[in-house]
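Below is one structure, written out as structure tokens; comments come after it.
Bear in mind that the values in this text are calculations on the coordinates, not laboratory data. Computed from a predicted structure; not experimentally measured. Cβ atoms come from the backbone with ideal geometry, glycine included; neighbour counts cover every protein chain shown.
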Amino acid sequence: MVRVTLHGAELEGLTIPEPAASVRLLIPSGIGDDLEMPTWNGNEFLLGDGSRPVIRTFTPRRLDSAALELDLDVVIHSGGAVSTWIEAADVGSPAAVSGPGRGYTVDSDAAGFVLAGDETAIPAIAQLLEVIPASRPIQVIIEVADPSARLDLTLPDGSAVEWVDLDPAAPPGDALVPALTQLEIAPGAKLWVAGEAAAMHRVRRHLFDDRALPRSDVTVRGYWKLRESVGSDS
Ligand SMILES: Cc1cc2nc3c(=O)[nH]c(=O)nc-3n(C[C@H](O)[C@H](O)[C@H](O)COP(=O)(O)OP(=O)(O)OC[C@H]3O[C@@H](n4cnc5c(N)ncnc54)[C@H](O)[C@@H]3O)c2cc1C
């Protein structure tokens with residue numbers, strides 16, 4: 001995970017009212033290219049030559065409105081357009097952001113919380129941990145493909161993080177889903193889960209079909225798709 005700090009006068013007026021929200025990051029199409037702003041053709045954003053711009057979605061991890069800075073925590077992985085951009089980027093490399101997209105409304109009256117996901121969910125989980133009232137028990141499960149992705153997360157007393165390692169040969173979710181299945185979930189707890197799309201499909205099946213949890217207690221978000229670039233054009 002690498003922290004990218006965006007800075008610029010254009011960030012003036014940006015507000016992020018809720019945790020686990022999103023912003024869209026636009027980067028140049030090729031290393032060293034200028035940043036070209038795309039135009040909306042009524043259906044999708046396109047660049048002047050008709051190609052699709054490189055736009056990806058991230059969690060706005062920290063906004064400093066006074067310093068006009070926005071931090072994104074990005075999971076580095078091979079073949080990722082943003083990973084490649086970050087490796088070549090330097091201070092002053094151009095990028096643009098739009099947003100924010102909807103976040104998560106924390107129900108302070110909930111009996112407790114279960115926060116779960118893969119590495120891409122860590123920034124949102126860290127934000128949720130900052131705003132959930134300390135009196136509420138929180139169970140956190142995070143699946144990591146790279147054991148070094150484990151971070152120190154601050155949790156209230158009585159709450160715990162379970163880190164589960166994904167076997168390199170296994171599809172995303174193969175460690176997360178069994179860990180969620182074994183979890184004892186208190187009645188009335190709210191659940192927030194995010195990660196790879198097919199893994200999230202398995203999570204929904206487990207929570208709604210096997211456990212019959214009320215939909216209003218559960219938020220499950222597909223953050224990326226295995227072998228597919230997501231969020232590239234809309
Ligand atoms: C609301 C929301 C919030 C998000 N917040 C964050 C965040 O804070 N930090 C973050 O890192 N990501 C976050 N994501 C996920 C991120 O948008 C995707 O992982 C995105 O594809 C990354 O773009 P890329 O240029 O790195 O890879 P792409 O160019 O989109 O993908 C190239 C290839 O890499 C694969 N791939 C994509 N992501 C991963 C991954 N994480 N691990 C392994 N393989 C991958 C794809 O399947 C594809 O085959 C968020 C997504 C959403 C919808």
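Converting phi to 3J(HN,Hα) with the Karplus coefficients 6.51, -1.76 and 1.60 and the offset θ = phi - 60°, the range 67-83 yields 7, 6, 10, 10, 9, 10, 9, 10, 6, 8, 8, 5, x, x, 4, 6, 4 Hz in sequence order, with x at every glycine or proline.
By the count of other C-beta atoms within 10 Å, a proxy for reagent exposure, Y223, Y104 are ordered fewest to most as Y104, Y223. Evaluated with a Cβ-only charge set (Lys, Arg +1; Asp, Glu -1), the range 101-234 carries a dipole of roughly 480 debye about its Cα centre, given to the nearest 20. Close amide-amide hydrogen proximity is noted between L166 and V144, A145, each under 5 Å apart and 5 or more residues distant or on a separate chain (H modeled in the peptide plane; Pro and chain starts excluded). Annotation: extensible slack from D49 through D146 equals 31.1 nm (criterion: 0.36 nm per residue apart, minus Cα-Cα distance). Remark: relative contact order (the range 2-101) = 42 percent; criterion is Cα-Cα distance under 8 angstrom and separation of 6 or more residues. Each residue of the range 139-147 was assigned a 3J(HN,Hα) from its phi angle through the Karplus expression (A = 6.51, B = -1.76, C = 1.60, θ = phi - 60°), giving 10, 10, 10, 10, 8, 10, 7, 10, x Hz with x at Gly and Pro. The relative contact order of the range 112-224 comes to 30 percent, based on Cα pairs under 8 Å that sit 6 or more residues apart. Put simply, the amide H of A194, placed in the peptide plane, has neighbours under 5 Å in A116, G117, D118, R221, leaving out anything fewer than 5 places away on its chain. Here the label points at S65 and T154, each 7 Å from Cα along the C-beta direction, are separated by 2.1 nm in the simple model. Around the Cα centre of the range 2-101, unit charges on the Cβ atoms of Lys, Arg, Asp and Glu (plus for the first two, minus for the last two) sum to a dipole of about 320 debye.
Between 0 and 90 degrees, the angle of helix 122-131 with respect to the longest Cα principal axis of the chain falls at about 60 degrees. Exposure proxy shown here: for F45, F58, F208, the number of other Cβ atoms within 10 Å sets the order, fewest to most, as F208, F45, F58. Taking the helices alone, the chain has a mean residue ellipticity at 222 nm of -4000 deg cm²/dmol, built from -39,500 (n - 2.57) per DSSP H run of at least 4 residues and averaged over all its residues. DSSP beta bridges confined to the chain are antiparallel in about 50 percent of cases. The Cα center of the range 18-97 and the Cα center of the range 107-122 differ in position by 26 Å.
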